1. Specify the residue that is farthest from the ligand (Cβ to nearest atom); the eligible residues are those in segment 194-203 that are touching a strand residue (DSSP E or B) at 6+ places or on another chain (Cβ under 7 Å) and part of a helix (DSSP H, G or I).
2. Here is a check on your reading of the model: is Asp264 under 24 Å from the mean Cα position of the chain (by Cα) and not assigned by TED's automatic domain parsing to the domain that holds Glu195?
3. Just the residues that are more than 8 Å from the ligand (Cβ to nearest atom), in a loop (DSSP other than H, G, I, E, B) and more than 22 Å from Lys66 (Cβ to Cβ), please, taken from segment 16-54.
4. Confirm whether Glu175 is surrounded by fewer than 16 Cβ atoms within 10 Å (Cβ to Cβ) and either modelled with pLDDT under 90 or not acidic (Asp, Glu) (or both).
5. Checking the structure you have, find out if any residue of segment 144-155 is on the phi < 0 side of the Ramachandran plot, exposed (fewer than 15 other Cβ atoms within 10 Å of the Cβ) and touching a strand residue (DSSP E or B) at 6+ places or on another chain (Cβ under 6 Å).
6. How many residues does segment 204-229 hold that are within 16 Å of the ligand (Cβ to nearest atom) and not assigned by TED's automatic domain parsing to the domain that holds Pro38?
7. Answer yes or no: is there a residue in segment 59-75 that is within 16 Å of the ligand (Cβ to nearest atom), over 20 Å from the mean Cα position of the chain (by Cα), outside any helix (DSSP H, G or I) and in contact (Cβ under 8 Å) with a residue 24 or more places away in the chain.
8. If you go through segment 183-193 one residue at a time, do you hit one that is within 16 Å of the ligand (Cβ to nearest atom), in a helix (DSSP H, G or I) and in contact with a helix residue (DSSP H, G or I) (Cβ under 8 Å, 6 or more places away or on another chain)?
Amino acid sequence: MGTVIQAEGLTHRYGRHVALRDVDLEVPEGALYALLGPNGAGKTTLLKILLGLLRPTAGRVTLLGKDLKRLTLRDRASIGYVAEDQRLPGWMTLSRLLAYLAPLYPTWDHGLASELQRRFHLPPGRKIRAMSRGERMKAAMMAALAPRPRLLIMDEPFTGMDALVKDELVRGLLELSGDEGWSVLLCSHDIGELEALADWVGFLDAGRLILSEPMEVLRGRFKRVEVMMNGGPFVALEELPPDWLSVDRAGKRATFLIPDHGTDSGQDEVHRRFPGAARVEVRGASLREVFVGLAREGLGRDSVEEETS
Ligand code: ATP
């Protein structure tokens, strides 16, 4: 299988602020790739570089097999973009917008446009400026999907959408990407939706891509442990192994993530560290738990970097 996005050594500075640091990213063809990261991690900056809206300070990007700088208008037309802050002409009605866009795209699919309009319950005669935030996002999504893009890039696409529409959208995207082999790169803070949708995950932290792998691999990397103590002395949490993440304590209950090496060694270590435990529960970690664990780890690392710099 090919690669739809390949970035090498991507760095971006806004003045003195380094928003991306030496990022190497590969998105396989057909992947639904979720880019995660805390506020300010550099996600939007990365997407804007891919879309040619920002020029990187350093690095190289290949999109759909071509150097970013050599993409033709036709290549660009096969890349769809949906963003939270996307501007649409407010004075146009939805029908007018679609009629305006359709001739610009050789692959525009009128049937798909009608189908999406029906699914999203969008009134065709309403001016875009009179639409709610969620409706405007849906209109932007329709405009991006109707040309059947080979690559769809979405920045916070679920903003303002109600739970029902989000669910429909996720199912629709899964169906379409399965049928058409589309590739999708999206970033969102809506981790629940991403967990249902994505099959690849990348994690940006302070401009560095610290992880990029299939969702299945990431899910198998950590176990979530809950320990209930029976009274007696509590283990000093700061003495626990440094690769245990999200260590928390509330009363007699301690929770944390441990790396899963596919053996019992992690759980044995838990029992060794908490000999007086009344109960130890271990299960696979959710994407949200992994996200929070890695993000908190990043915050700790940043403060150490600041202290030592
Ligand atoms: P969020 O999840 O909050 O949307 P993000 O991961 O998309 O964040 P970016 O918008 O890419 O983050 O911003 C990365 C960093 O670059 C942030 O620290 C931000 O303050 C900074 N930044 C973004 N745009 C500019 C700009 N035009 N000038 C200066 N700094 C900027």
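The values are calculated or read from the model by the stated rules, or taken from the named source; none is laboratory data. Predicted model, so just to flag it, every value in this text is computed and none were measured. Methodologically, a virtual Cβ is constructed for each residue, glycine included, from the backbone with ideal geometry; neighbour enumeration extends over all protein chains shown.
1. By that ranking, first place goes to Leu197.
2. no
3. Arg16, the sole residue that qualifies.
4. For Glu175, the condition - surrounded by fewer than 16 Cβ atoms within 10 Å (Cβ to Cβ) and either modelled with pLDDT under 90 or not acidic (Asp, Glu) (or both) - is met.
5. no
6. 0
7. So far as segment 59-75 goes, yes, one or more of its residues are within 16 Å of the ligand (Cβ to nearest atom), over 20 Å from the mean Cα position of the chain (by Cα), outside any helix (DSSP H, G or I) and in contact (Cβ under 8 Å) with a residue 24 or more places away in the chain.
8. yes
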